[in-house]
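Inspection log for the structure reproduced underneath, given as structure tokens.
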Amino acid sequence: GESVGLHLPTLSVQEGDNSIINCAYSNSASDYFIWYKQESGKGPQFIIDIRSNMDKRQGQRVTVLLNKTVKHLSLQIAATQPGDSAVYFCAVPVYNQGGKLIFGQGTELSVKP
Amino acid sequence: GAGVSQSPSNKVTEKGKDVELRCDPISGHTALYWYRQRLGQGLEFLIYFQGNSAPDKSGLPSDRFSAERTGESVSTLTIQRTQQEDSAVYLCASSLGGTTNTEAFFGQGTRLTVV
């Protein structure tokens with residue numbers, strides 16, 4: 001079945017540095033990928049998504065890169081700020097199951113001032 | 001409403017009691033999801049509703065858990081004979097659904113504590 005994993009459970013960066021959070025997925029047929037941010041005590045919040053016909057998508061200070069060859073995606077946060085401290089999840093709809101979303105375990109990002 | 005609404009926001013119950021958690025999805029969203037999140041962990045899929053299709057119940061951990069959805073609106077997640085290991089935040093999300101995948105929007109969750 002579908003599985004989603006993350007390479008690192010925690011990431012600590014200095015304020016102003018760039019952050020990179022990684023995610024691996026298992027099904028090469030997966031065609032849509034989402035990144036969520038979850039702050040303490042809140043529900044996950046959509047950050048950015050990417051479809052399989054793209055390799056890169058940029059938002060405000062965030063970029064998602066998709067490497068279909070190795071089934072890997074990453075979230076890059078530029079000039080990381082204290083407000084970026086949160087847990088970040090990647091999510092993938094299970095192929096051929098109507099969009100059921102499976103989440104990775106999450107990476108906790110801590111930003112040091 | 002403007003977003004996904006869940007109630008109650010917090011629930012403390014005694015072991016063995018039944019609880020009902022409610023989710024009001026975004027109007028027009030045909031897809032609705034329930035997840036469980038234990039402290040410091042990721043989101044565990046429980047159940048998924050998509051329009052009038054039979055729900056995907058593959059994530060329900062035991063027969064004590066059940067969920068219903070009225071048409072394309074309110075959903076309730078029921079946990080019977082609650083156990084301490086049921087303590088967690090229960091998150092509901094909704095999305096437009098259909099043939100094109102789109103992002104899911106989450107509510108704030110219901111924090112369930114079984115004592």
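The values are calculated or read from the model by the stated rules, or taken from the named source; none is laboratory data. Remember, it's a predicted structure, so these values are computed and weren't measured experimentally. So basically every Cβ, Gly included, is an ideal-geometry build from the backbone, and we count neighbours across all protein chains shown.
General observations
- Which numbered condition B:Gly71 misses (of (1) within 29 Å of A:Ser30 (Cα to Cα); (2) of a type outside the set (Asp, Glu); (3) touching a strand residue (DSSP E or B) at 6+ places or on another chain (Cβ under 9 Å)): (3)
- Going through (1) in contact (Cβ under 8 Å) with a residue 24 or more places away in the chain; (2) within 15 Å of the chain's Cα centre (by Cα); (3) at the interface with chain A (Cβ under 9 Å from one of its Cβ atoms) one by one, B:Asp56 falls short only on (1).
- Scoring A:Gln105 on the criteria (1) assigned to a strand (DSSP E or B); (2) within 14 Å of chain B (Cβ to nearest Cβ) leaves a single failure, condition (1).
- Residue, nearest to the other protein chains (Cβ to nearest Cβ), within segment B:77-115, restricted to residues that are outside any loop (DSSP other than H, G, I, E, B) and more than 14 Å from the chain's Cα centre (by Cα): B:Thr113
- Filtering segment B:76-84 for residues that are aliphatic (A, V, I, L, M) and either touching a Ser or Thr at 6+ places or on another chain (Cβ under 8 Å) or at pLDDT 95 or above (or both) leaves a non-empty set.
- Across segment B:28-36, a minimum of one residue is classified as buried (at least 19 other Cβ atoms within 10 Å of the Cβ), modelled with pLDDT under 95, among the aliphatic types (A, V, I, L, M) and within 21 Å of A:Asp49 (Cβ to Cβ).
- Strands (runs of 3 or more DSSP E) fully within segment A:10-101 that include at least 1 residues being touching a helix residue (DSSP H, G or I) at 6+ places or on another chain (Cβ under 6 Å), acidic (Asp, Glu) and within 28 Å of B:Asp56 (Cβ to Cβ): none found.
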